[in-house]
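Step one of this worksheet: look at the structure below.
The values are calculated or read from the model by the stated rules, or taken from the named source; none is laboratory data. This structure is a prediction, so every number in the text was calculated from the model and none was measured. Here the Cβ positions follow ideal geometry from the backbone for every residue, glycine too, while neighbour counts run over all protein chains shown. To get the accessible areas, we keep the full protein, side chains included, count just its heavy atoms, and leave off ligands, DNA and RNA. Shrake-Rupley method; radii C 1.70, N 1.55, O 1.52, S 1.80 Å.
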Amino acid sequence: MGRSLSTTMQNIFAGSDRKIDWTLDLTFPDATSFKYATAPLSLAKGEYTNDLEAIGEIRQTLESPIDRLSVAVQNKDRVLGEHLALHWQKWRRAEATIGRYYVGGPTMNLSEWKPMFVGAVQQPEADDFRVTFTVISDVVAPGQIVCNRPLAAACWFIFKDPKTCGYVGIETQCNHRLKSKLGCDGRSNGHRYGGMEHRYNPSVNAPGTGGNSGEPGVPGGPTVPCPELDQYVRVLGENGRPRPKMVGFLTETDLMWNPVSLEFEEIERVEVVRGQPIFEIECQNGARGFSSFSHPVLRHADHQTGDPVSTFRPGDSVLTEISRGLHDTRATVARETGRTGDVLFIVMKGGKIYSYGDDQEKMIVCHNSKPEPPGEF
């Protein structure tokens, strides 16, 4: 469908000379905004700095592909890159407006700004030179309109939150399970349970199928061994080598680096699990990681499945990856943090081993999942 042109635009296009600059408006949930352009501009919308380096082709179709375009903003001054690192959760709900500023006319005295594309920011990445991301149509972008609560078995309420959990006893932690001594029933708070675990364990098999075995939280399936969303893992980079990526931005299209086999492994699926109790482990060589209690960590290179990180104690052996090399070390800190956080459940198609950590160069080697032990959660 063609765009309608104002009289000013018609006069600009009628002339033999014209100038076009791209503009980018980045807006975040807290109303923070950045304004960039391909040249310094002073418009009614505000002041634009000339930090916008590249705008990809705007792809808009009437068929199945999602409308999208790519954007690159300079990061040589580290301003936007540091904002991404510090406020990555805000970037998950950031919006972008891309426009064109036209200047033309007989004496280059006519000008007009036109919006060209509006959408949600997806997969932001930063290096020493640029911050790049994709903008997809806001019609198909994920958001809170999809659902207002997760379908995970574990309760997603914050422990002791008076508006949801409501527990007021002396206990300081909860494992967010319904039928558990360390969960809701153990605290006589089952009536406030906010997860999807069924009290009477109905059959999870759909009629005529093999069922849904292997799902997190399903009886007989694995637990949710997950790194926290603000941790880092290594994935395939554009140069064919491993590069760090924040867990919160991991997708099924990434290839995970296996530091033991030295190969890249495909991801079957990822799923955010909200409000999980967080466990911290730190090692003598500086490697440190934050994850759920059941996250399996390897003790040495021959350890194939890992042990739940909550079973580690100071002095225990830990396998780490420092600057893409394996190193045996020992834990100096292994403790409950006393807080909850959002984690990412990762299911890999093969290999099953990757590394995670709070630092991009110092990581802890772990297993992507492990069968849930029988008995108490």
- Query: Pulled fully out, how much extra length does the chain show between N109 and W88, if you take 0.36 nm times their separation in residues and subtract their Cα-Cα distance?
  - Reply: 3.4 nm
- Task: Report, in debye and to the nearest 20, how large the dipole of region 217-315 comes out about its Cα centre when Lys and Arg carry +1 and Asp and Glu carry -1 on their Cβ.
- Result: 260 debye
- Task: Quote the accessible area belonging to K349 in square angstrom, nearest 10, computed with a 1.4 Å probe and with ligands, DNA and RNA left uncounted.
- Result: 120 Å²
- Item | With every protein chain in place, region 245-377: carbon and sulfur % of accessible area (1.4 Å) | 47 percent
- Item | Student exercise, region 277-320 dipole from Lys, Arg, Asp, Glu Cβ charges, in Debye to nearest 20 | 40 debye
- Task: Please work out the FRET efficiency for the pair Q284 and T32, using the Cβ-Cβ distance as r and a Förster radius of 30 Å; give the result to the nearest 0.05.
- Result: 0.15
- Task: Would you kindly state how much longer the chain becomes between K19 and D302 on full extension, computed as 0.36 nm times their sequence separation minus their alpha carbon distance, in nm to one decimal?
- Result: 95.6 nm
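How much length is gained if the chain between R313 and E238 is pulled fully straight, taking 0.36 nm per residue apart and subtracting their Cα-Cα distance, in nm to one decimal?
Roughly 23.2 nm would be gained on extension.
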- Message: Let me check something: with ligands and nucleic acids excluded, how do R339, R177, R243, R313 order by accessible area (1.4 Å probe), largest to smallest?
- Response: R313, R339, R243, R177
- Which is farthest toward the positive dipole end of region 234-377 among P242, N368, P308, measuring Cα position about the Cα centre, with Cβ charges +1 (Lys, Arg) and -1 (Asp, Glu)? P242
- Note on the structure: Once Y354, Y167 are ranked on solvent-accessible area with the largest value leading and a 1.4 Å probe, the list reads Y167, Y354
- Task: Would you mind checking K90/K362; K19/K76; K160/K245; K160/K181 for any pair whose Cα atoms are more than 21 angstrom apart?
- Result: K90/K362; K19/K76; K160/K245
- Task: Rank T97, F129, S70 by how far each Cα sits towards the positive end of the charge dipole of region 67-132 (+1 on Lys, Arg Cβ; -1 on Asp, Glu Cβ) and give me just the farthest.
- Result: T97
